[in-house]
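In what follows, a structure is listed as structure tokens, so that the remarks can point back to it.
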Amino acid sequence: MNTNISQSQSRLNKYCKLMALLTFIPIITILIAMVSPLLFYFFDIHNIGLESGGYSFFIAHSADSSDIDPTKLSTWQAVLVTLIDTIIIAILVYAFFQLRLLFLSYSKSDYFSVSSANYCYKFGTTLVIWEVIQLITEPLSSLILSFNNDLSERYISLSFTSEDLMLLFPSISIMIVGQILKKACQIAEENKQFI
């Protein structure tokens, strides 16, 4: 019986190590994509040769890039929108970094610890923050990008799609599960002290 449990745990640890390694893929991809706002808004480069089958390597910009002529943007507009897009991308990198730390913790059989629960909580929280900031910055970015237009042609773009809801729900769920695990670990630690 113990042999089956130890084999199962060993297999789980290997899966967690693999997942920790695989989280490097989105982290590196997103880090490379952090140059996309700079290249787009300052140099009018839409991709870096990594476009295939209609999918661009770059993360979509906060506003529809087909409506934007980056050559007509003033420097302050390009700087502000680049900062906004880069911050959004950096938040996503941080989320995946927390996920990597969670899998590394699990790969060491550290399933029920406050640190593991914190990684889970931070991953969910960061995804929620990322989604909320995207919703907030979209109107701001669209206003900045249309600021040089005539007063009647300025616009504020705001959208909330089912995809946003589909991301928010699991993100909030992960955040709550992280808090529950943290509380359970604290209770377990308190119980060990009484024994």
Item checked: Count of residues meeting criterion [among the acidic types (D, E) and modelled with pLDDT under 80] in the range 129-171 -> 2
Check: Of all residues in the range 57-82, which are at pLDDT below 55, surrounded by 12 or more Cβ atoms within 10 Å (Cβ to Cβ) and of a type in the set (S, T, N, Q)?
Finding: S62, S65
Notebook entry, point to check: Which number in (1) open to solvent by less than 40 Å² (accessible area, probe 1.4 Å); (2) in contact with a helix residue (DSSP H, G or I) (Cβ under 9 Å, 6 or more places away or on another chain); (3) not small (G, A, S) marks the one condition that E138 misses?
Noted result: (2)
Next item on the list: Evaluate the range 43-56: report whether one residue or more is within 26 Å of Y155 (Cβ to Cβ), within 20 Å of the chain's Cα centre (by Cα) and either modelled with pLDDT under 90 or of a type in the set (D, E, K, R) (or both).
Entry: yes
Item checked: Matching residues, the range 25-42, being open to solvent by 80 Å² or more (accessible area, probe 1.4 Å) and modelled with pLDDT of 85 or more -> I25, I28, L31
Notebook entry, point to check: Quick one: L165 ticks every box in (1) over 30 Å from L181 (Cα atoms); (2) exposed (fewer than 13 other Cβ atoms within 10 Å of the Cβ); (3) not basic (K, R) bar one, so which box is it?
Noted result: (1)
Check: Out of (1) assigned to a helix (DSSP H, G or I); (2) under 28 Å from S10 (Cα atoms), what's the single condition that is false for Y111?
Finding: (1)
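The values are calculated or read from the model by the stated rules, or taken from the named source; none is laboratory data. Not measured: the values here are computed from a predicted model. In this analysis, Cβ positions are derived from the backbone assuming ideal geometry, glycine residues included, and neighbour counts consider all displayed protein chains. With ligands, DNA and RNA removed, areas are computed over all heavy atoms of the protein, side chains included. Shrake-Rupley method; radii C 1.70, N 1.55, O 1.52, S 1.80 Å.
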